[in-house]
Amino acid sequence: MSALDRLDALVRRGALDSIDLHFARAVAGWGGAVDAVVLAAALLSRLSAAGHVCLDLAQLADTPLPFAEDWCCPGFDAWRTALREHPACADAVAAGNAPLILDDHRLYLARHWRAERFVAAALISRARPLAVDEARLNEGLASLFPAVEAAGQRAAAGRAAKHAVAIVSGGPGTGKTTALAALLALTAEQSAAPLRMLLAAPTGKAAARMQEALRTAKACLAVAPATIAALPERAQTLHRLLGLRPDGSVRHDVDNPLACDLLVIDEASMVDLSLMAKTLAALPASARLVLVGDRDQLASVEAGAVFADICQAAEDGGCLQPLYSQLEHSFRFGDDAGIARLARLLRAGDGAAVEALLERGAEGLGWHPQPDATALLQAAVEGYRGYLDAVHDGAPPLELLRRFGEFRLLAAHRHGCYGVERLNVGLERIVGIRPRETWYAGRPIMVAENDAALGLFNGDIGIAVVAGGELRVAFEGEDGVRMLPPQRLPRHETAWAMTVHKSQGSEFDRVLLALPEEPSPILTRELLYTAVTRARREVSVWASAALLRQACQRSSARYSGLAGRLG
């Protein structure tokens, strides 16, 4: 049986997506149905959909396929030779218009290969030192960071002020925003002319949090009022900043660059390879770039783990090393606080220690090792009790939005017993919502696609309220609450529960994390870490000990060549 026939059988069994088979057939039509090449094309398509940038022949050669354990990948030498000789696959020297690019031991979709090379080249070309007034900079740093425990922030801000590219990583509460606000102030003080500074983030929610956090941080800066006045006020999504259109084209690119002297991107771990390439293309060559994020969080939904790759390359040495800062000291949690300890163990992937900590208990941590769906839903209702009471009492929209943001029910999956869809339905049933009652006062929704005309973006949260006898959906905006009729909203979904992926860029006082009963490839230590660090005060984990141990052993690391190109 040929590789195409075997792939077709896998699609009919539901073990492989039809798009992977279609791509394999297209590659075969390009230059022949060579089994090793057809298999590589289907596997690369599958990996790309899972967020990988390439197929690593060296790692996957002679191993069972992820979608067919009785079928192994070819040996490395034979596999690479077959690809080299196939017309659909070009090498890194003469790429042409081939759909596949073989670069040493990595096989790429051509668009991913071009984007990865461009991002690496753009960052390396920008990794240059800046001329600064050292005495004035040191004076400013001493004034802004007088405390001993702020040494990490002081060093990060000072390092960033001296380079055209700055990379700052750290977990929640490690002072990234404070360091960023200080950096912007120091940069403004060093400049002889006003600087055009832009603030951006991957999602609307992340942009709103960035804007609010910077506003708070600026108010505490020990700098002149004129310096404060020179700092940027507004953050926006990268999509809006670039003028990204539905067809993937952008308003701002290399031929029409942004009017910008300095660009800050917050929550950089959520930026995929394609979006980073578009951003760097639109950034003037003379402009400075500051990337802020948490390298240990989940990577972007789309292909790539750009921020993690950049941080890894910097830690490994090379031209990015002087630009990189990793903040460790937590100002939010003490070193012995439960959430901080759990986050450290999850970063290390120490499943046994995670289990021991949860079993022993610590302030701010709860664990239910034998989850029950009914008990879990009841716990979620109690978590939302303050919000539900506010809805019942007819609280104003801004108060409802604030109260809803205090707690969140997070899940790993959309489907299944402990998936978002069933949790939303189950929770609605407990609070008295009738089946098929789509809209009701107090319904929380999350926007699922960008609508620039309405100023709504993927991840924005709204609350259904009755205003003037009509149902409207309230969103918090820069100038207060905006009220929109439900029929005008872009695609959206009920948001009593949300996936951990969707929660990125948000923080809540309390989090309840519901994990499925069975092991799943999506359960990784990065997912657990991201979920736990959404909580400011308390996190309650509903999962078996075996599932937690397995998740800690699994990493969501992605195949990519970016770190090597930056080395």
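The values are calculated or read from the model by the stated rules, or taken from the named source; none is laboratory data. Predicted model, so just to flag it, every value in this text is computed and none were measured. Backbone-built Cβ (ideal geometry, glycine too); neighbour counts: all protein chains shown. For the accessible areas, the whole protein counts, side chains as well, though only heavy atoms, and no ligand, DNA or RNA atoms are used. Shrake-Rupley method; radii C 1.70, N 1.55, O 1.52, S 1.80 Å.
Just to be sure before I move on: is Gly426 open to solvent by less than 70 Å² (accessible area, probe 1.4 Å) and in a loop (DSSP other than H, G, I, E, B) in the structure I sent? Walk me through it before giving the result.
Details: open to solvent by less than 70 Å² (accessible area, probe 1.4 Å): yes; in a loop (DSSP other than H, G, I, E, B): no.
For Gly426, the condition - open to solvent by less than 70 Å² (accessible area, probe 1.4 Å) and in a loop (DSSP other than H, G, I, E, B) - is not met.
Checking Val420 against (1) more than 26 Å from Leu484 (Cβ to Cβ); (2) aliphatic (A, V, I, L, M); (3) buried (at least 19 other Cβ atoms within 10 Å of the Cβ): exactly one of these is not met. Which one?
The single condition Val420 does not satisfy is (1).
Can you name the number of the only condition in (1) open to solvent by less than 10 Å² (accessible area, probe 1.4 Å); (2) at pLDDT below 95 that Ala497 fails?
(2)
I need every pair where a residue in the range 150-176 that is in a helix (DSSP H, G or I) has its Cβ under 7 Å from the Cβ of a residue that is crowded, with 22+ Cβ neighbours inside 10 Å and of a type in the set (Phe, Trp, Tyr), sequence separation at least 6 or different chains.
Close Cβ pairs (under 7 Å, with a partner that is crowded, with 22+ Cβ neighbours inside 10 Å and of a type in the set (Phe, Trp, Tyr)) amount to Gln153/Phe145; Arg154/Phe145.
In the range 501-513, how many are surrounded by 22 or more Cβ atoms within 10 Å (Cβ to Cβ) and farther than 18 Å from Tyr384 by Cα?
3
Just give me the residues in the range 448-490 being at pLDDT 90 or above, part of a strand (DSSP E or B), in contact with a Leu (Cβ under 8 Å, 6 or more places away or on another chain) and open to solvent by 30 Å² or more (accessible area, probe 1.4 Å), in sequence order.
If the condition is that a residue be at pLDDT 90 or above, part of a strand (DSSP E or B), in contact with a Leu (Cβ under 8 Å, 6 or more places away or on another chain) and open to solvent by 30 Å² or more (accessible area, probe 1.4 Å), then Arg472 is the only one that fits.
Quick check on the range 395-409. Is at least one of its residues open to solvent by 30 Å² or more (accessible area, probe 1.4 Å), part of a loop (DSSP other than H, G, I, E, B) and touching a strand residue (DSSP E or B) at 6+ places or on another chain (Cβ under 9 Å)? Working first, answer last.
So in the range 395-409, the residues open to solvent by 30 Å² or more (accessible area, probe 1.4 Å) come out as 396-399, 402-403, 406.
Add one more test, that the residue is part of a loop (DSSP other than H, G, I, E, B), and what stays is 396, 406.
Next, only the ones that are touching a strand residue (DSSP E or B) at 6+ places or on another chain (Cβ under 9 Å) stay: 396, 406.
Yes; the residues of the range 395-409 include at least one that is open to solvent by 30 Å² or more (accessible area, probe 1.4 Å), part of a loop (DSSP other than H, G, I, E, B) and touching a strand residue (DSSP E or B) at 6+ places or on another chain (Cβ under 9 Å).
Could you check the range 105-144 and list, in sequence order, the residues that are surrounded by 14 or more Cβ atoms within 10 Å (Cβ to Cβ), of a type in the set (Gly, Ala, Ser) and outside any helix (DSSP H, G or I)?
Result: Ala127, single match.
With the condition kept exactly as written, say whether any residue in the range 366-376 is part of a helix (DSSP H, G or I), out of contact with any helix residue (DSSP H, G or I) (no Cβ under 7 Å at 6 or more places or on another chain) and within 19 Å of Ser560 (Cβ to Cβ).
no
Table: residues versus (1) among the hydrophobic types (A, V, I, L, M, F, W, C); (2) surrounded by fewer than 17 Cβ atoms within 10 Å (Cβ to Cβ).
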| position | (1), (2) |
| --- | --- |
| Ala3 | yes, no |
| Leu10 | yes, no |
| Ala24 | yes, no |
| Pro74 | no, no |
| Asn97 | no, yes |
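For the range 201-249, give me the residue count where each residue is among the β-branched types (Val, Ile, Thr) and surrounded by 19 or more Cβ atoms within 10 Å (Cβ to Cβ). If you could, list the steps in order and put the result at the bottom.
If we filter the range 201-249 for residues that are among the β-branched types (Val, Ile, Thr), which is where we start, we get 203, 216, 223, 227-228, 237.
From what's left, surrounded by 19 or more Cβ atoms within 10 Å (Cβ to Cβ): 203, 223, 237.
Within the range 201-249, residues that are among the β-branched types (Val, Ile, Thr) and surrounded by 19 or more Cβ atoms within 10 Å (Cβ to Cβ) number 3.
So Gly293 fits all but one of (1) within 17 Å of Gly567 (Cβ to Cβ); (2) touching a residue at least 24 places away in the same chain (Cβ under 8 Å); what number is the exception?
The number of the failed condition is (1).
Identify the single condition in (1) aliphatic (A, V, I, L, M); (2) assigned to a helix (DSSP H, G or I); (3) open to solvent by 50 Å² or more (accessible area, probe 1.4 Å) that Ala441 does not satisfy, given that it satisfies every other one.
For Ala441, the exception is condition (2).
Does Glu421 count as in a helix (DSSP H, G or I), in contact (Cβ under 8 Å) with a residue 60 or more places away in the chain and of a type in the set (Asp, Glu)? Show your work before the answer.
Values: in a helix (DSSP H, G or I): yes; in contact (Cβ under 8 Å) with a residue 60 or more places away in the chain: no; of a type in the set (Asp, Glu): yes.
Taking the combined requirement at face value, the residue does not satisfy it.
Checking Ala303 against (1) part of a loop (DSSP other than H, G, I, E, B); (2) out of contact with any strand residue (DSSP E or B) (no Cβ under 9 Å at 6 or more places or on another chain); (3) aliphatic (A, V, I, L, M); (4) buried (at least 17 other Cβ atoms within 10 Å of the Cβ), which test does it fail?
So Ala303 meets the others, but not (2).
Results for (1) open to solvent by 60 Å² or more (accessible area, probe 1.4 Å); (2) under 21 Å from Val165 (Cβ atoms); (3) assigned to a loop (DSSP other than H, G, I, E, B), shown as yes or no for each residue.
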| site | (1), (2), (3) |
| --- | --- |
| Gly317 | no, yes, yes |
| Ala340 | no, no, no |
| Arg344 | yes, no, no |
| Arg347 | yes, no, no |
| Ala352 | yes, no, no |
| Leu358 | no, no, no |
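Please work out which one of (1) open to solvent by 50 Å² or more (accessible area, probe 1.4 Å); (2) touching a strand residue (DSSP E or B) at 6+ places or on another chain (Cβ under 9 Å); (3) assigned to a loop (DSSP other than H, G, I, E, B) is the condition Pro516 fails and give its number.
(1)
What tally of residues in the range 299-319 results from selecting those that are out of contact with any Leu (no Cβ under 6 Å at 6 or more places or on another chain) and either among the hydrophobic types (A, V, I, L, M, F, W, C) or closer than 20 Å to Ile522 by Cβ (or both)? Working first, answer last.
Looking only at the range 299-319, we keep the residues that are out of contact with any Leu (no Cβ under 6 Å at 6 or more places or on another chain), and these are 299-302, 305, 307-308, 310-312, 315-319.
So of that shortlist, the ones also either among the hydrophobic types (A, V, I, L, M, F, W, C) or closer than 20 Å to Ile522 by Cβ (or both) come out as 299-302, 305, 307-308, 310-311, 319.
Adding up the residues that qualify gives 10.
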